[in-house]
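To start, the structure under review is shown below, and the notes come after it.
The values are calculated or read from the model by the stated rules, or taken from the named source; none is laboratory data. Every value quoted in this text rests on a predicted model; they were computed, and no experiment measured them. Methodologically, a virtual Cβ is constructed for each residue, glycine included, from the backbone with ideal geometry; neighbour enumeration extends over all protein chains shown. Side chains included, ligands, DNA and RNA excluded: accessible areas come from the protein's heavy atoms. Shrake-Rupley method; radii C 1.70, N 1.55, O 1.52, S 1.80 Å.
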Amino acid sequence: MNINLKVWRQRNQNSEGRFEEYKVQASPDMSFLEMFDVLNEQLIEDGKDPVAFDHDCREGICGMCSMVINGRPHGPKQGVTTCQLHMRSFSEGDTIVVEPWRANAFPVIKDLSVNRGAFDRIIASGGYVSVNTGNAVDANSILIPKEVADEAFEAATCIGCGACVSACKNASAMLFVGAKVTQLSMLPQGQPERQARVVAMVNQMDAEGFGACTNTGACAAECPKQIPLSVIANLNREYYKAKLNGK
Amino acid sequence: MGVLSFLFSSSLGRKLVMAVTGIALIAFLLVHCLINAMVLLNDGGQTFNEAARFMAENPFIRISEILLFVGFLLHIAQGLYLTFDNRKRRAAKYTGNPGNANSKWYSRSMGFLGTIILIFLVLHLKHFWVVSRFHAPHALGEITYANGDTMENLFLEMASVFTNPIAVVIYVLGCFSLAYHLLHGFSSAFQTFGVNHKSYTPIIASVGAAFSIIVPLIFAIIPVVMHFGIIK
Amino acid sequence: MKLESKIPQGSVDTKWTQYKSSVSLVNPANKRSLHVIVVGTGLAGASAAATLAEMGYKVSAFCFQDSPRRAHSIAAQGGINAAKNYQNDGDSVYRLFYDTIKGGDYRAREANVHRLAEVSTNIIDQCVAQGVPFAREYGGTLSNRSFGGTQVQRTFYAAGQTGQQLLLGAYSALERQVGLGNVTMYSRHEMVEVVKIDGKARGIIARDLVSGKLERHFGHAVLLCTGGYGNVFYLSTNAMGSNVTAAWKAHRAGAFFGNPCFTQIHPTCIPVSGHYQSKLTLMSESLRNDGRIWVPKKKDETRQPNDIPEDERDYYLERRYPAFGNLVPRDIASRAAKERCDAGYGVGTTKMAVYLDFKYNMINKYGRTEASKRGIQNPSEDVLLELGKEIAKEKYGNLFDMYKQITAEDPYEVPMKIYPAVHYTMGGLWVDYELQTTVPGLYALGEANFSDHGANRLGASALMQGLADGYFIIPYTLGSYLSKEIHTKPISTDHEAFVEAEKKVSDRINQLMGIQGKRTVESYHRELGLIMWDKCGMARNEKGLKEAIDQIRALRDDFYKNVRIPGSVDEFNPELDKAGRVADFLELGELMCWDALNRNESCGGHFREEYQTEEGEALRDDENFKNVFAWEYKENNQWELHKEELNYENIKIQQRSYK
């Protein structure tokens, strides 16, 4: 199939970017990234600069791939990452606009690659249980109801790709933060640091320059792991409780 | 302030202010709407005027009015701040347009809808509230009903404002904006409060949707029916 | 140089305890002035960096991805083994030890494997304490499932995303130390050289992949936790960025490479669909708990799988290995699939696939249980199937979705098509009992070392080994080395060894950039992969291996004449990064062939066609090859072979049988 691409090209963080147009021959069974591989091989053979984009596992779990495809992070299909999006989701002759995640907190490194270090710093501010290696009790001495474990797991499946931020008109990171806060506040292991954790993480999120949530729901709609919007409700509740407790 | 300073410094705090004041405004709307609905009784405005007098004379209501004003100001100020601040968080805009694929247009347009409501509100206050509170006593004219009660005739003021078709159109547009503002705002406030429950959350969503349609509809009907003289 | 495995004295079940109580310690004040470099932030790297920092060491951690959370451990699906015996089915440390040695076809060190089995239980405790949401039973206890090569249920899991949950646990521990200032994290950095001073590893040269700048980092010790090298085959289940570069630089700096040809070919992967294919996707081994593998009994079958009647299906694993059935170890399952396809019974458009069918168990296993739970009397087969699908969704939902996403076929309705693919490398840097390579101060952990899995790794054991090395082994064994280093002051990175190492790297990069030929890096990688897969893959023979060596050498020569790398050195240039990695694969590939050629036997994942039983099973030669091959790098891609004899004192060696 013939595909027309309109791709954002930007040399580095400080330079101006612009769109460039390319034509690619794709097969319906290719993944979107494999279509970019074909484009890049073409560009290199033509002596041009290939398009820089982030990718690694190509099976939807590492969270590295990050393309906004026709205005939607990870493209038109629900619940998949860019690497799992296949060309059969497009039609012959389509023009596809491809842009990087756009948020002030995610500066562009080159072309479609952005810096998501802010997410690591949010986790470093409190997204953990403080337990040194060797301090653990026997695993079955902590009983956790199946429903609680399942719900905590659902929140824990976040891959930290940043699609939530890129979809949100406010570039808010609350789905990401809410997922981690939900996971750890539900589990008995997370209780001792429950209040300090949420306050520290929200402070760091604000300091990184993410916007405030206005509950549009775009984040959850675009999340490739379908983290539900309710994790933000949990985040709010946890945070107000902690603040009103004077944390 | 101390413990409450987060309401004006953190993103989640600002959100809470929006939600609390929003719910207060929703409560006000409910009362306002109930009183306005009395116009529809078509009794020459008697019940309506009586209710208006009660509202004007009851000290509890007068104190609430001040709180309501503070609520309005906070909701507006915080809302404007958030709208402009959030807009800055993404300096570069997207070219690809997702349309409404991932969110509803009105949930993305709360600042815009709110601004229309604000403009409407200024006009609305000028029409009724300023006249009844700050003009010389009895500027609206008085009416004496059959039972001998004499009171300000707010009903007459309405009738005279709504003779102007432009005013009617503005009021109806204001109500449209209100409806969409509420459609997002109602359940959004509960989301902000952290309500996440298997059975309650869907109920709140339904109640919110019903409220967002019924209340603005009643508000919007009144100028129309008065303009066309269906209610006299 | 003689290989010293440093296995402690005593009986196998007391060695580790003895070692721990007698190893030299470093006092807390001294730890603060000792600097450790950790390269790679997967399960082994993140857990090691976090734990060492908790103990008080100063740690610098490096990863080439944009965040430590993206290391490829994250993609592990099925689970992690531990000898907890929570299921009361007769599991024990000894059994896990025994299963692992046997599963590895008697080519792993007894002492290491026993230690692994011992600490396996601590891992589960640690992960649960971190908040890892493992699957649970209704009563709140942990749930288990079975994996290949075992007859007990000892695998802990979190749906089909166990690796993700374990890695995020280790990552959060690591980030906690970053937040506390005990770890300095360098992401988008690639290690490109080991710096040695007086024979000891004293640091690394790393390249900042964003700016292209070379950086010098000093450490009293260097830990390589850089994963495996399956990407030498181009197509594998590894991530696109997984590479051998760090390990290969260490190898060229004097670290011996152990058993490089021991590669694990995983039996259940989604088959190749076209020439553009960039990677292969694994379908977790856990699917073999409930999926039955079969091919049609007739060659060139044209009917759809659901139309082929039961008696015209060949459930070849159940037929050949009745005791273990569909749960035979990976090497055996893979070879059996290849055998059927080579014989002409393969399915799909390419005829290089077999069916993995869930219908039988959805109906008979889950459907029936669910029907009796709900009190449905005499349910029809359709009702049972629907009930079974619900359970299958709960157990494997994400895997089924992933399969459907990639192939556009719905595994709830039609059997999956699967074929073996390169998945894991048992080979790696040779290490002693303390995980130290042949270069003092240079350690290798996790998949990067030649490992405890012998010639074949059992499912759900990689996560166990990575975390064992990082959380529970290196924190002790590193002390044995560092306790002698407390007087070593930090060495300035202006030291001539750093200057020389950096120059070596920049010369190498300039050489690559200077070629400006015609072919893309990708095309070389693809060609190398084909050679490796055809001649050093699931089956090997002397003739093929010799041809492969010549072909790889020719390809390497051409690479240095004809490769084209766009862009410049001092910018974000993923093509340049890839070129460096492919250059190393082009050397490693040759060594793997030499290793396979010299090992004149079949064992585990290494199958030499010349050495097989009449039934086509691997034929070991314990007389001559009950040893580890450790290759020493000499100049210009020449190697010298050293051997470490393996002694089995606790397990009687026999022919591996799963019949």
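A few remarks follow.
The rows are residues; the columns are (1) β-branched (V, I, T); (2) within 22 Å of the chain's Cα centre (by Cα); (3) farther than 15 Å from C:F450 by Cβ; (4) in the same structural domain as C:A336 (by TED's automatic domain parsing).
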site	(1), (2), (3), (4)
C:C603	no, yes, no, no
C:E609	no, no, yes, no
C:D622	no, no, yes, no
C:V628	yes, yes, no, no
C:N636	no, no, yes, no
C:K643	no, no, no, no
C:N647	no, no, yes, no
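- Each residue in segment A:51-93 was checked for being among the basic types (K, R), outside any loop (DSSP other than H, G, I, E, B) and within 14 Å of chain B (Cβ to nearest Cβ), and 1 pass.
- Of all residues assigned to segment C:386-399, none qualifies as being of a type outside the set (V, I, T) and outside any helix (DSSP H, G or I).
- Within this structure, A:V98 passes the test of being aliphatic (A, V, I, L, M), within 14 Å of chain B (Cβ to nearest Cβ), closer than 30 Å to C:T407 by Cα and not in a helix (DSSP H, G or I).
- When residues of segment C:24-81 are limited to those that are charged (D, E, K, R) and more than 21 Å from the chain's Cα centre (by Cα), the one most open to solvent (accessible area, probe 1.4 Å): C:R32
- Single unsatisfied condition, C:L385 versus (1) within 22 Å of C:E310 (Cα to Cα); (2) of a type in the set (A, V, I, L, M, F, W, C); (3) touching a residue at least 60 places away in the same chain (Cβ under 8 Å); (4) open to solvent by less than 40 Å² (accessible area, probe 1.4 Å): (3)
- Look at (1) under 30 Å from B:Y106 (Cα atoms); (2) of a type outside the set (A, V, I, L, M, F, W, C); (3) open to solvent by less than 40 Å² (accessible area, probe 1.4 Å) and you find that A:K146 fails only one, number (1).
- Selection of helices (runs of 4 or more DSSP H) fully inside segment A:106-221 by the criterion of at least 3 residues being farther than 30 Å from B:N97 by Cα and within 8 Å of another protein chain (Cβ to nearest Cβ) returns A:117-126, A:146-156.
- Condition met for B:F54 (out of contact with any Ser or Thr (no Cβ under 6 Å at 6 or more places or on another chain) and within 14 Å of chain A (Cβ to nearest Cβ)): no
- Yes/no for C:G227 being modelled with pLDDT under 95 and closer than 30 Å to C:Y658 by Cα: no
- Filter result (open to solvent by 80 Å² or more (accessible area, probe 1.4 Å) and within 22 Å of C:L597 (Cα to Cα)) within segment C:511-532: C:L530
- Hey, C:D494 open to solvent by 40 Å² or more (accessible area, probe 1.4 Å), within 14 Å of chain A (Cβ to nearest Cβ) and farther than 26 Å from C:S236 by Cβ or not: no
- Leading residue by the ranking (farthest from the chain's Cα centre (by Cα)) among those in segment C:577-601 that are part of a helix (DSSP H, G or I) and of a type in the set (D, E, K, R): C:D577
- Any chance C:V628 is of a type in the set (V, I, T) and assigned to a strand (DSSP E or B): yes
- Qualifying residue in segment A:50-73 (condition: more than 30 Å from A:A212 (Cα to Cα) and open to solvent by 50 Å² or more (accessible area, probe 1.4 Å)): no
- Comparison of A:V165, A:V97 shows that the only residue that is more than 22 Å from C:A135 (Cβ to Cβ), of a type in the set (V, I, T) and open to solvent by less than 10 Å² (accessible area, probe 1.4 Å) is A:V165.
- Scanning segment C:216-230 for residues that are in contact with a Lys or Arg (Cβ under 9 Å, 6 or more places away or on another chain) and open to solvent by 10 Å² or more (accessible area, probe 1.4 Å) gives a single hit, C:F218.
- Considering residues of segment B:43-75 that are touching a helix residue (DSSP H, G or I) at 6+ places or on another chain (Cβ under 6 Å) and in contact (Cβ under 8 Å) with a residue 40 or more places away in the chain only, the residue farthest from A:G211 (Cα to Cα): B:G45
- All of (1) hydrophobic (A, V, I, L, M, F, W, C); (2) more than 23 Å from the chain's Cα centre (by Cα); (3) surrounded by fewer than 22 Cβ atoms within 10 Å (Cβ to Cβ); (4) within 23 Å of C:S242 (Cβ to Cβ) hold for C:F559 with one exception: (3).
- In segment C:91-119, the residues that are free of Cβ contacts under 8 Å to residues at least 12 places away in the same chain reach residues that are surrounded by fewer than 24 Cβ atoms within 10 Å (Cβ to Cβ) with C-beta atoms within less than 8 angstrom, at least six apart or across chains, in these pairs: C:S92/C:A83; C:S92/C:N85.
- Counting only helices (runs of 4 or more DSSP H) that fall entirely inside segment C:14-78 and contain at least 1 residues that are among the hydroxyl-bearing types (S, T, Y), free of Cβ contacts under 8 Å to residues at least 24 places away in the same chain and more than 22 Å from C:E215 (Cα to Cα), the qualifying elements are C:15-22.
- Here C:R95 passes the criteria (1) over 20 Å from the mean Cα position of the chain (by Cα); (2) within 11 Å of chain A (Cβ to nearest Cβ) except the one numbered (2).
- Selection of segment C:178-193 for residues being open to solvent by 10 Å² or more (accessible area, probe 1.4 Å) and touching a helix residue (DSSP H, G or I) at 6+ places or on another chain (Cβ under 7 Å) yields C:V178, C:G179, C:N182, C:M185, C:S187, C:E190, C:V192.
- Subset of segment A:13-49 that is surrounded by fewer than 16 Cβ atoms within 10 Å (Cβ to Cβ) and facing chain C (nearest Cβ under 8 Å) - its residue that is farthest from C:G212 (Cα to Cα): A:E45
- Yes/no for A:D138 being surrounded by fewer than 21 Cβ atoms within 10 Å (Cβ to Cβ), outside the structural domain of A:R197 (by TED's automatic domain parsing), modelled with pLDDT of 95 or more and among the acidic types (D, E): no
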